[in-house]
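Colleague: Can you keep this structure in mind? I'll have questions shortly.
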Protein chains: 2
Amino acid sequence: MKIGVIGLGTVGFGVVDILTQQKERLEKLIQEEVVVKYGCALNEVTLPDGIIYTQDFHDVLNDDEVDVVVELIGGTTIAKTIILEALKKGKNVVTANKALIAHDGQEIFEMAMKYQSKIYYEAAVGGGIPVVVPAKEDLVANEIEKIEGILNGTTNFILTLMETDNLDFEEALTIADGLGYVEADASLDLDGKDAAHKICILAMNAFEIFFDFHKIQCTGIRGVTKKDIDYAKKLGYRIKLIAQAKKLENGYGIDVSPTLIGIKDMVANVNQAYNVVEITCNYLENVIFYGKGAGRYVTASAVVSDIMKTHQPTMWQHQYQYVEDIFPITYSKYYIRCDHPLDIDYEMYYSQDHDHIYITNPIELNDLKHQLQNESYNLLKVRG
Amino acid sequence: MKIGVIGLGTVGFGVVDILTQQKERLEKLIQEEVVVKYGCALNEVTLPDGIIYTQDFHDVLNDDEVDVVVELIGGTTIAKTIILEALKKGKNVVTANKALIAHDGQEIFEMAMKYQSKIYYEAAVGGGIPVVVPAKEDLVANEIEKIEGILNGTTNFILTLMETDNLDFEEALTIADGLGYVEADASLDLDGKDAAHKICILAMNAFEIFFDFHKIQCTGIRGVTKKDIDYAKKLGYRIKLIAQAKKLENGYGIDVSPTLIGIKDMVANVNQAYNVVEITCNYLENVIFYGKGAGRYVTASAVVSDIMKTHQPTMWQHQYQYVEDIFPITYSKYYIRCDHPLDIDYEMYYSQDHDHIYITNPIELNDLKHQLQNESYNLLKVRG
């Protein structure tokens, strides 16, 4: 097996390291050489002996000896060209590029099917946690009904810090940023887009559907206040940025929103930069996958496992269907904070200082808003 | 694909149900018919139309049309004959038989290798939770260092009940038994043998070793008192029956023992009949798999996923090595309860009524026992 790694940042070097350190073991496993032939990046880098350094990705794509192209440059432009070209040439592709798979998954999957090449992207969701492949293969007996997850470590770190260190959002953000946890484009993390990329990928696979990524409604954590975290805690909840995908009666519901989770739920106890995915199916009921969502070796671990899997023939034929509409999941319990009492149905009520807090019964968001009329309030989803 | 299901108890019927209900979807996936040709059991049963009922498993084994033999009769005698015969005939085998794989895994795996047939047993560990295959395939980039888990739902149910309902062991056992949670041979659950079967299987795969199952030291939950559960809670711990496997300097450590787990750990929050497996690796760090450990459709879900996987060619060559010695994991923190103060090093001390409770620093068990000399005390492992 000859591998070309395109993109030599944190994860790229992690991949080269693992393939170097584990070479002997991995070769025994597939009874074949495992060789990184190329390392490709624009910046000058020092690679282990024997790896050809190039700045031109065409060197990798045009070499017939290369079986596996590893795309780790990110973004949705050159990365897309590289992946499509590689698949067209019958090469297998491994990528950690969540944005690209979320935006252009259909085109990429169809290209892979057409040229009978393979595309793996386990590292795109949940860092190193195996969840993309398990959801497709190990749960194959089941119809997946619902996926819920904490898929963005940065926002989970910030929310944890706000709770444990009694900080407001801006203070916690400054600390997260100082630790290098926030992406260059902070909006990806904070406004829920990164989580949306990931739930998009999980939903595509679980439901075998293609759809326009932009139809996913996502709300980030900028509106979550320290006050709401405290009230949620008093009522037995913790606030998490939850990405959710669900079969609805009339189609598929997918959204990302800050959500109150009962403190006894496993998901509520996923703190710091950890990720979690909970999958609910018709036979297996619920199963949870938990682990670190980011980090050089964490992510590289998933990339290398994918590289090894390209060596296995796969004979299952997943058939995707294009879906026009994706809906937000609006039937839910809601948390409402208001500065005066409200005339609504509720399951739980709490009042302190000038705040009136309600946990409603499950209700359609439109019906709830209709009841609330022109009131001014803070509103969050509640799971369960 | 033609399937013979041998053993038509709870899980067997679950498998037939799922294969009937999901027939169309599964056939699309593998582009081939998925047919249960035989249902084999000693007791008279009613099967869906088209499935041949037989009391003689030779009918299944001797039919060249049968690709996959599903062994669900349990036990280590006839089940073993069936599996070995099926593999010898080049048929693929799926089983949920943890005791058999734990005791005779080596013979079975070697038979499968010799005849290039496949053996899958995802349902043997953690019910429907995908963990056997993910640990082998999705974590392949990693060297697995440690596996810890709650692998027996019955004892976890009893321990949970003792804590939440303030019951002693016998009272909780009676309730669990009344709910049908306890195996006919109660010792399998209560003395940790069932958990030992499962950690044996996980360790075999993770470390690619064969060893004598009987070398696993296991302690069950009969010695866990309500008093210890309460004291553990006061000190920030919960008692769980933990099965553990670990690379040691001089070999491999595997054991099963009631263990205090810090209340904030995910594993400590796995209650009722749920199972959990935490795997620690060199790159991915720790990853957790959680879900229901038993139940008709939960277990059948894993069996059916395995059946589908027999359709995929696998080309990885796992190479197992026989290991003579398996050690208990004795370097640990310990919880000690004694009716008078002790002269030992400790990390935490608590006293109430006439009880003196210590959490020691990490220490070799022999050294600790040497310090304790002829004292009489209650001792439990502490994780961390």
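The values are calculated or read from the model by the stated rules, or taken from the named source; none is laboratory data. Because the structure is predicted, anything quoted here is derived from the model rather than measured. Positions of Cβ are backbone-derived with ideal geometry, glycine not excepted, and every protein chain shown enters the neighbour counts.
Colleague: Can you tell me which residue within the stretch A:1-31, out of those that are in contact with a Phe, Trp or Tyr (Cβ under 7 Å, 6 or more places away or on another chain) and part of a helix (DSSP H, G or I), is surrounded by the fewest Cβ atoms within 10 Å (Cβ to Cβ)?
Modeller: A:Ile30
Colleague: Under the condition of being surrounded by 24 or more Cβ atoms within 10 Å (Cβ to Cβ) and more than 7 Å from every other protein chain (Cβ to nearest Cβ), which residue from the stretch A:288-305 is modelled with the lowest pLDDT?
Modeller: Applying the filter and picking the extreme gives A:Gly293.
Colleague: Just to be sure before I move on: is A:Met308 at the interface with another protein chain (Cβ under 7 Å from one of its Cβ atoms), without any contact (Cβ under 8 Å) to a residue 40 or more places away in the chain and of a type in the set (A, V, I, L, M, F, W, C) in the structure I sent?
Modeller: No.
Colleague: When the stretch B:153-186 is examined, which residues are found to be assigned to a helix (DSSP H, G or I) and under 26 Å from B:Ala206 (Cβ atoms)?
Modeller: Here is the first cut: in the stretch B:153-186, the residues assigned to a helix (DSSP H, G or I) are B:153-164, B:169-178, B:186.
Listed by number, the residues that qualify are B:Gly153, B:Thr154, B:Thr155, B:Asn156, B:Leu159.
Colleague: Suppose we filter the stretch A:136-152 for residues that are away from chain B (no Cβ under 13 Å) and part of a helix (DSSP H, G or I); how many remain?
Modeller: Counting residues in the stretch A:136-152 that are away from chain B (no Cβ under 13 Å) and part of a helix (DSSP H, G or I) gives 0.
Colleague: Does A:Lys215 count as out of contact with any helix residue (DSSP H, G or I) (no Cβ under 9 Å at 6 or more places or on another chain), touching a residue at least 60 places away in the same chain (Cβ under 8 Å) and more than 14 Å from every other protein chain (Cβ to nearest Cβ)?
Modeller: Working: out of contact with any helix residue (DSSP H, G or I) (no Cβ under 9 Å at 6 or more places or on another chain): yes; touching a residue at least 60 places away in the same chain (Cβ under 8 Å): yes; more than 14 Å from every other protein chain (Cβ to nearest Cβ): yes.
Yes: the conditions hold for A:Lys215.
Colleague: If you don't mind, another one. Being assigned to a strand (DSSP E or B), in contact with a His (Cβ under 7 Å, 6 or more places away or on another chain) and not hydrophobic (A, V, I, L, M, F, W, C), is that true of even one residue in the stretch A:312-331? Don't jump to the end; show me each part of the working.
Modeller: The first filter runs over the stretch A:312-331 and keeps only residues assigned to a strand (DSSP E or B), leaving A:321-322, A:326-327, A:331.
Keeping just the survivors that are in contact with a His (Cβ under 7 Å, 6 or more places away or on another chain) gives none.
Among the residues of the stretch A:312-331, not one is assigned to a strand (DSSP E or B), in contact with a His (Cβ under 7 Å, 6 or more places away or on another chain) and not hydrophobic (A, V, I, L, M, F, W, C), which makes the answer no.
Colleague: Pull up the stretch A:76-108, narrow it to residues that are in a loop (DSSP other than H, G, I, E, B) and among the hydroxyl-bearing types (Ser, Thr, Tyr), then point me to the one that is surrounded by the fewest Cβ atoms within 10 Å (Cβ to Cβ).
Modeller: The first filter runs over the stretch A:76-108 and keeps only residues in a loop (DSSP other than H, G, I, E, B), leaving A:76-77, A:89-91, A:96-97.
Now restrict to residues that are among the hydroxyl-bearing types (Ser, Thr, Tyr): A:76-77.
Working: A:Thr76: 13, A:Thr77: 9.
Ranking the qualifying residues of the stretch A:76-108, first place goes to A:Thr77.
Colleague: Within the stretch B:269-287, work out how many residues are among the aromatic types (Phe, Trp, Tyr) and more than 8 Å from chain A (Cβ to nearest Cβ). Outline the logic, then answer.
Modeller: Keep residues of the stretch B:269-287 that are among the aromatic types (Phe, Trp, Tyr), which gives B:274, B:283.
Remaining after also requiring more than 8 Å from chain A (Cβ to nearest Cβ): B:274.
Selection size over the stretch B:269-287: 1.
Colleague: Let me ask you something else. Just wondering, is there one or more residues in the stretch B:323-343 that are crowded, with 17+ Cβ neighbours inside 10 Å, more than 9 Å from chain A (Cβ to nearest Cβ) and closer than 20 Å to A:Asp138 by Cα?
Modeller: No, because not a single residue in the stretch B:323-343 is crowded, with 17+ Cβ neighbours inside 10 Å, more than 9 Å from chain A (Cβ to nearest Cβ) and closer than 20 Å to A:Asp138 by Cα.
Colleague: When you look at A:Tyr350, is it crowded, with 23+ Cβ neighbours inside 10 Å, more than 21 Å from the chain's Cα centre (by Cα) and more than 9 Å from every other protein chain (Cβ to nearest Cβ), yes or no?
Modeller: The answer is no for A:Tyr350.
Colleague: For A:Gln116, work out the one condition from (1) within 10 Å of another protein chain (Cβ to nearest Cβ); (2) assigned to a loop (DSSP other than H, G, I, E, B) it doesn't fulfil.
Modeller: (1)
A quick yes/no check of all residues on (1) among the hydroxyl-bearing types (Ser, Thr, Tyr); (2) in contact with a Leu (Cβ under 7 Å, 6 or more places away or on another chain); (3) within 14 Å of another protein chain (Cβ to nearest Cβ):
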residue	(1), (2), (3)
A:Gln31	no, no, yes
A:Tyr38	yes, no, no
A:Gly50	no, no, no
A:Gln55	no, yes, no
A:Asp67	no, no, yes
A:Gly90	no, no, no
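For (1) among the hydroxyl-bearing types (Ser, Thr, Tyr); (2) surrounded by 24 or more Cβ atoms within 10 Å (Cβ to Cβ); (3) within 14 Å of another protein chain (Cβ to nearest Cβ); (4) within 22 Å of B:Ala195 (Cα to Cα), each residue gets a yes or a no:
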site	(1), (2), (3), (4)
B:Leu61	no, no, no, no
B:Gly74	no, no, no, yes
B:Glu110	no, no, no, no
B:Gly126	no, yes, yes, yes
